[in-house]
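Novice: Got a structure for you, questions after.
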Amino acid sequence: MVNFIIWLIAGAVIGALATLILRRRRSIRLLNIIVGSVGAFVAGYLLSPVFHINTTSFSLPGLLVSLGGAIVLLVVVNFFVREHTVTNTVIEGQWNQVRNKIHARWGKITEKDADQINGNHDRFIDLLEERYGIAKGEAEDQLQRYLRAVITKVSRSSFLHHRAQDVNPAQGHNK
């Protein structure tokens, strides 16, 4: 019985650490804690008899099996339920396209603010919090939704432009 509790706690800790390591938003932390706990519990419960691990008292092998289960399930779940966030690298790489459109979405962000942001995700969040008086989580959610939409449009139009050049090289650069 002691191992069951330890498995759940170890899985929760691994889930929380995974959130920090992967730099995920706080809303994903609870999911990772739950998934980590489930993975640890299932692995501990299913694999303890296979490896002849005593489940009535604490054991290091039992802890290691549960940690392994938590990590495996977290990797699988995070692969299939990807949090589609726009990273700093993407923002910095496409800052000019994003910058040209932010004033239409957030009128309180000035040109000086845009210069200060200069593609930096954290500065952008801080300015949204400051200018609009919203919580960090809400600012992050708004920014992510907006950036996904803007960058998807930019990527799609860039793809279509390059595809048109492939079909008709006379319109663009010759290959």
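The values are calculated or read from the model by the stated rules, or taken from the named source; none is laboratory data. Keep in mind that what you see is a predicted model, and the values were worked out from it rather than measured. Because the Cβ atoms are built from the backbone with ideal geometry, glycine has one as well, and the counts that use them run over all protein chains shown.
Novice: Inspect all residues belonging to the stretch 85-93 and state whether any of them is at pLDDT below 80, under 30 Å from Ala43 (Cβ atoms) and not aromatic (Phe, Trp, Tyr).
Specialist: Applying the first criterion (at pLDDT below 80) to the stretch 85-93 yields 85-93.
Filter again for under 30 Å from Ala43 (Cβ atoms), leaving 85.
Okay, now just the ones that are also not aromatic (Phe, Trp, Tyr), so 85.
Among the residues of the stretch 85-93, at least one is at pLDDT below 80, under 30 Å from Ala43 (Cβ atoms) and not aromatic (Phe, Trp, Tyr), which makes the answer yes.
Novice: Only residues that are crowded, with 16+ Cβ neighbours inside 10 Å and modelled with pLDDT of 70 or more: list them for the stretch 14-24, please.
Specialist: Result: Ile14, Gly15, Leu17, Ala18.
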